[in-house]
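Undergrad: Have a look at this one before I ask anything.
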Amino acid sequence: MDAAEFRKRGKEMVDYVADYLEKIEKRQVFPDVEPGYLRPLIADCAPQDPESFDDVFKDIEKIIMPGVTHWHSPYFFAYFPAASSFPALLADMLCGGIGCVGFSWAASPACTELETVMLDWLGKMVNLPEEFLAGKDGQGGGVIQGSASEATLIALLAARTKTIRQVQSEKPELTEAEIMGRLVAYASDQAHSSVERAALIGAVKIKNVPSDDTFTVRGSALKKVLEEDKAAGLIPFFFCATLGTTSCCSFDKLLELGPICNKENIWMHIDAAYAGSAFICPEFRHLLNGVEFADSFNFNPHKWLLVNFDCSAMWVKKRSDLIGAFKLEPLYLQHHHQESGLVTDYRHWQIPLGRRFRSLKLWFVLRMYGVKGLQEHIRKHIRLSHQFEHLVLQDERFEICAEVVLGLVCFRLKGSNELNEALLKSINDAKKIHLVPCHLREKFVLRFAICSRTVESTHIKFAWQHISQLATDLLKTWGQNHHQQ
């Protein structure tokens with residue numbers, strides 16, 4: 001393919017993607033395929049001779065699309081949103097075109113510098129304390145990670161290194177292995193499984209802090225666990241607070257937890273993967289109060305801020321804590337500006353060496369939507385979640401299981417877990433809308449998340465009528481079947 005054909009085919013692909021997104025609601029939201037569907041549809045091995053673009057292109061609809069779950073369909077209400085917008089897609093195209101690998105400033109100065117500035121922009125949008133911003137000569141700063149899971153792992157590893165060095169300076173007789181064996185990380189019993197996975201990779205113990213009846217971790221619960229562990233000779237070193245838990249979007253009490261972490265010299269990381277985007281709206285910013293006590297903070301513009309995956313924003317108060325944990329300087333990666341103080345080498349802030357020019361997506365989206373456009377997007381989703389909540393509350397067969405704060409509604413039929421499992425199965429088997437469940441304490445609960453950029457009030461009404469009708473059908477047969485047993 002030469003440049004001339006690339007021009008032609010590029011325009012065709014843009015048209016195809018635009019058509020796909022414009023007409024996505026006509027497609028069934030969840031595919032009708034069985035595991036292993038794809039292998040028989042394609043050749044056993046790569047072709048010896050080149051094929052034409054037309055051959056490849058016609059296979060998209062034939063082979064790929066039948067197996068796609070349409071995350072951007074207005075009938076997709078599962079997980080959390082995956083952001084997308086036309087400016088972000090154009091920026092991603094440019095990122096692929098430039099194709100630099102931005103591990104150091106010298107590897108592509110614009111790639112590094114735009115990221116630093118964009119994370120300052122974003123930090124100011126959510127009103128982060130000054131010390132998290134890079135500014136002209138700040139100690140902190142932001143970095144784009146691939147996902148919130150990566151950000152949590154990076155924070156945990158940095159905290160581990162910092163604590164080991166600290167303990168060794170006070171008790172030089174202890175080996176690194178002895179200290180490692182005593183380290184403990186903490187997170188809510190509602191925290192995402194990626195926090196536990198970070199501890200697994202970091203080879204440290206992790207303990208759940210029990211949440212209260214609103215699924216929130218309070219200071220008193222953390223204090224109790226810390227006192228027990230310190231009495232047993234363990235070394236608490238890391239606490240991950242969650243703002244907007246995956247199951248039900250609950251918020252840990254930062255203002256109670258922060259001072260405890262600071263007093264006990266525990267690294268506090270805040271995971272606000274989904275909820276963080278809402279903090280650009282002044283009316284939701286109070287949910288971030290207490291961030292001033294944290295060492296690191298993370299949220300995903302690729303969930304709810306119209307920037308497509310992957311773009312997970314992470315800030316640290318002291319970037320030297322991150323760099324201190326990950327810095328290696330082989331000759332082939334050195335460059336003559338690296339000691340200037342003005343230069344960031346992002347390879348020291350992350351797990352991989354290589355990185356894409358992801359800040360272009362933020363730059364395009366922030367400029368072309370403006371803060372006001374992004375605030376309107378968030379507010380619309382939250383209005384729609386309250387609309388759905390209202391519909392659920394009008395039907396006495398159903399109950400709401402957690403406070404609706406942002407764009408997630410947790411609900412269920414009053415009755416057994418088996419009944420709700422059957423309802424979810426009938427919803428997802430019908431493939432008109434797509435939902436996923438969660439467990440809240442012992443209850444099996446259905447999650448309804450407002451996801452698509454193009455979702456409207458009509459889609460919410462349709463979804464509720466559909467759920468309500470399936471519930472009616474289920475309850476008719478359920479009663480009979482369960483009397484007979």
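The values are calculated or read from the model by the stated rules, or taken from the named source; none is laboratory data. Please read these numbers as outputs of a predicted model, since none were measured by experiment. For neighbour counting, all protein chains shown are included, and Cβ atoms are generated from backbone atoms with ideal geometry for every residue, glycine included. Surface areas here come from the heavy atoms of the whole protein model, side chains and all, with no ligands, DNA or RNA. Shrake-Rupley method; radii C 1.70, N 1.55, O 1.52, S 1.80 Å.
Conditions tested, residue by residue: (1) over 20 Å from the mean Cα position of the chain (by Cα); (2) basic (Lys, Arg).
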residue: 375; (1), (2): no, no
residue: 388; (1), (2): yes, no
residue: 394; (1), (2): yes, no
residue: 410; (1), (2): no, no
residue: 418; (1), (2): yes, no
residue: 425; (1), (2): yes, yes
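Undergrad: Same structure again: Would it be correct to say that residue 243 is at pLDDT 95 or above, within 18 Å of the chain's Cα centre (by Cα), under 30 Å from residue 452 (Cβ atoms) and open to solvent by 10 Å² or more (accessible area, probe 1.4 Å)? Lay out the reasoning, then the answer.
TA: Numbers: at pLDDT 95 or above: yes; within 18 Å of the chain's Cα centre (by Cα): yes; under 30 Å from residue 452 (Cβ atoms): yes; open to solvent by 10 Å² or more (accessible area, probe 1.4 Å): no.
Against the criterion (at pLDDT 95 or above, within 18 Å of the chain's Cα centre (by Cα), under 30 Å from residue 452 (Cβ atoms) and open to solvent by 10 Å² or more (accessible area, probe 1.4 Å)), residue 243 does not qualify.
Undergrad: Ok, one more. Go through the range 107-145 and give me each residue that's small (Gly, Ala, Ser) and modelled with pLDDT under 95.
TA: If the condition is that a residue be small (Gly, Ala, Ser) and modelled with pLDDT under 95, then 107, 108, 110, 134, 135, 138, 140, 141, 142 are the ones that fit.
Undergrad: Got at least one residue in the range 90-104 being of a type in the set (Val, Ile, Thr), in contact (Cβ under 8 Å) with a residue 12 or more places away in the chain and crowded, with 17+ Cβ neighbours inside 10 Å?
TA: Restricting attention to the range 90-104, the residues satisfying the condition of being of a type in the set (Val, Ile, Thr) are 98, 101.
In the following step, the residues that additionally are in contact (Cβ under 8 Å) with a residue 12 or more places away in the chain were identified as 98, 101.
Restricting the remaining residues to those that are crowded, with 17+ Cβ neighbours inside 10 Å gives none.
So far as the range 90-104 goes, no, none of its residues is of a type in the set (Val, Ile, Thr), in contact (Cβ under 8 Å) with a residue 12 or more places away in the chain and crowded, with 17+ Cβ neighbours inside 10 Å.
Undergrad: While we're looking at this one, here's another question. Out of all the residues in the range 361-374, is one or more β-branched (Val, Ile, Thr) and open to solvent by less than 10 Å² (accessible area, probe 1.4 Å)?
TA: Restricting attention to the range 361-374, the residues satisfying the condition of being β-branched (Val, Ile, Thr) are 365, 371.
With the extra rule that they be open to solvent by less than 10 Å² (accessible area, probe 1.4 Å), the set shrinks to 365.
Checked the range 361-374: at least one residue is β-branched (Val, Ile, Thr) and open to solvent by less than 10 Å² (accessible area, probe 1.4 Å).
Undergrad: I'd like the residue in the range 136-158 that is part of a loop (DSSP other than H, G, I, E, B) and out of contact with any strand residue (DSSP E or B) (no Cβ under 8 Å at 6 or more places or on another chain) and, out of all such residues, is farthest from residue 237 (Cα to Cα). First the steps, then the outcome.
TA: The first filter runs over the range 136-158 and keeps only residues part of a loop (DSSP other than H, G, I, E, B), leaving 136-140, 146-147.
Then drop every residue that is not out of contact with any strand residue (DSSP E or B) (no Cβ under 8 Å at 6 or more places or on another chain), which leaves 136-139.
On the way: 136: 31, 137: 28, 138: 25, 139: 22 Å.
Residue satisfying both the conditions and the ranking: 136.
Undergrad: Looking at the range 202-232 only, could you name the residues that are loosely packed, with under 14 Cβ neighbours inside 10 Å and not in a loop (DSSP other than H, G, I, E, B)?
TA: Once the filter is applied, which keeps residues that are loosely packed, with under 14 Cβ neighbours inside 10 Å and not in a loop (DSSP other than H, G, I, E, B), the range 202-232 yields 220, 224, 227, 228, 230, 231.
Undergrad: Could you check, for the range 67-74, whether at least one of its residues is hydroxyl-bearing (Ser, Thr, Tyr), surrounded by 11 or more Cβ atoms within 10 Å (Cβ to Cβ), part of a helix (DSSP H, G or I) and modelled with pLDDT of 95 or more?
TA: Here is the first cut: in the range 67-74, the ones hydroxyl-bearing (Ser, Thr, Tyr) are 69, 73.
Add one more test, that the residue is surrounded by 11 or more Cβ atoms within 10 Å (Cβ to Cβ), and what stays is 69, 73.
Imposing the further condition that a residue be part of a helix (DSSP H, G or I) reduces the set to none.
Among the residues of the range 67-74, not one is hydroxyl-bearing (Ser, Thr, Tyr), surrounded by 11 or more Cβ atoms within 10 Å (Cβ to Cβ), part of a helix (DSSP H, G or I) and modelled with pLDDT of 95 or more, which makes the answer no.
Yes/no matrix, rows are residues, columns are (1) loosely packed, with under 11 Cβ neighbours inside 10 Å; (2) over 29 Å from residue 459 (Cα atoms); (3) without any contact (Cβ under 8 Å) to a residue 24 or more places away in the chain; (4) touching a Lys or Arg at 6+ places or on another chain (Cβ under 7 Å):
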| position | (1), (2), (3), (4) |
| --- | --- |
| 7 | yes, yes, yes, no |
| 16 | no, no, no, no |
| 26 | yes, no, yes, no |
| 36 | yes, yes, yes, no |
| 41 | no, yes, yes, no |
| 61 | no, no, yes, no |
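Undergrad: Right, here's the next one. From the list 195, 167, 184, exactly one residue is in contact with a helix residue (DSSP H, G or I) (Cβ under 7 Å, 6 or more places away or on another chain), surrounded by 16 or more Cβ atoms within 10 Å (Cβ to Cβ) and not in a helix (DSSP H, G or I). Which is it? Spell out how you get there, then give the answer.
TA: Working: 195 fails: not in a helix (DSSP H, G or I); 167 fails: not in a helix (DSSP H, G or I).
Of the residues listed, the single one that is in contact with a helix residue (DSSP H, G or I) (Cβ under 7 Å, 6 or more places away or on another chain), surrounded by 16 or more Cβ atoms within 10 Å (Cβ to Cβ) and not in a helix (DSSP H, G or I) is 184.
Undergrad: Within the range 48-64, how many residues are touching a helix residue (DSSP H, G or I) at 6+ places or on another chain (Cβ under 8 Å) and under 13 Å from residue 5 (Cβ atoms)?
TA: Number satisfying all stated conditions: 2.
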